[in-house]
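Heads up: the structure comes next, in structure tokens.
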Amino acid sequence: MPFYLFSRLEIKVLSTGLIFSILVELLGFVLWIKFVRDGQNKYKDFTSAFMFLVALFILYQVFKLNLDFGLVLATATLFAAFAWILGSFIKLEELRKESKSYFFILLVITCIRSFAYEPYQIPSRSMVPGLQVGDFVLVNKYAYGLKFPGSHLLLTAFNAPQRNDVAVFIPPHTLCDTEAIEARPDLANLSLAESQLFLKKFSSLQESRCTPGGVKFVKRVIGVPGDVVEIKGYEIWVNGTKIQQKLIESDSDENLIQETLNEGIHVIRTLGLSDYAQHRWKVPNGSYLAIGDNRDNSLDSRAWGYFSEDYLIGKADFIWMHWSSYSSLPTLSRNKKIQ
């Protein structure tokens, strides 16, 4: 998944710029109301155009800071409702009508995106061959329980992910305020060499890749709370039972292996680079173990530990479109349910 390589200074500057832009937008809103009430249409139109440009700049900063867009939509919806009520209260018909129309449009978009399905584009090869760069996927936002937009507050009962789920989540190393012990609560059970190696790797990843809101990853869940998972090369054991694997294609560049986990069948890709890698985990409560299907080209639990149930976003259900580059046309040829 994507990495945002910002320094702490850049994040601080962007955050300050976002706050200033919002204040400017609010000032523009007040001036717009004044010009409408005074009948100064020339100044009203100029203010509208200026507010539109500021809004675009706010969106740019939101994406640069990787803030939760669901929270942004929810905030915009609430503001539209406030403006609608304000327009009715001060008897400003133009404000009331415009705010009302914006409110219903934003409400529908917010509800669909926050509580039903949210679209994502796959930017990396970590889940090849199942998910390709340029795939647009629909993420089921209610699969693990509905959350209030932009928060970890569950509005419904929590539905635990199952082994073999292709989950979207925020891993710990992409959050600037997460401690390494949260990514590996079992650090004390590791040997001194293993714990030091993990701490060094986690610190390095976090320093170069963290953002205030974290970065969304998509990986396959292979370990749930209480599981003992072992990896030896490309072979995986879950609670002492070896995951079934069958070679289906091999050439000088790659091996494609059919893997069966929890009765779900998917295909993984190997390059022969991790033949001697060994890992062992006992997954703690509230945590999950996830790895990419492109086993030699995936930054996953093998590097940064477990992800928390608090940072689950949803389950990747469908590929609905593929658009590999701006120089090509979108295609529906890869439309399918994700295995």
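Selection of segment 142-166 for residues being modelled with pLDDT of 95 or more and either closer than 21 Å to L67 by Cβ or of a type in the set (K, R) (or both) yields only R163.
Taking residues in segment 259-282 that are in a loop (DSSP other than H, G, I, E, B), and partners anywhere that are small (G, A, S), the pairs with Cβ atoms closer than 6 Å and at least 6 places apart or on different chains are D275/G233. Of the candidates S126, S99, the single residue that is at pLDDT 90 or above, outside any helix (DSSP H, G or I) and polar (S, T, N, Q) is S126. Within segment 326-337, does at least one residue satisfy the condition of being in contact with a Gly (Cβ under 8 Å, 6 or more places away or on another chain) and of a type outside the set (F, W, Y)? Checked segment 326-337: no residue is in contact with a Gly (Cβ under 8 Å, 6 or more places away or on another chain) and of a type outside the set (F, W, Y).
Being more than 15 Å from the chain's Cα centre (by Cα), assigned by TED's automatic domain parsing to the domain that holds S308 and either of a type in the set (F, W, Y) or not in a helix (DSSP H, G or I) (or both), is that true of even one residue in segment 166-174? No, that holds for no residue. Residue count for segment 247-271 under the criterion of being over 29 Å from the mean Cα position of the chain (by Cα) and surrounded by fewer than 11 Cβ atoms within 10 Å (Cβ to Cβ): the result is 5. Only one of the listed residues (L146, L107) is of a type outside the set (V, I, T) and under 30 Å from E263 (Cβ atoms). That residue is L146. Against the numbered list (1) over 23 Å from S274 (Cα atoms); (2) over 17 Å from the mean Cα position of the chain (by Cα); (3) β-branched (V, I, T), V238 comes up short only at (1).
The values are calculated or read from the model by the stated rules, or taken from the named source; none is laboratory data. Please read these numbers as outputs of a predicted model, since none were measured by experiment. A quick note on method: Cβ atoms are made from the backbone with ideal geometry, for glycine too, and the neighbour counts reach across all protein chains shown.
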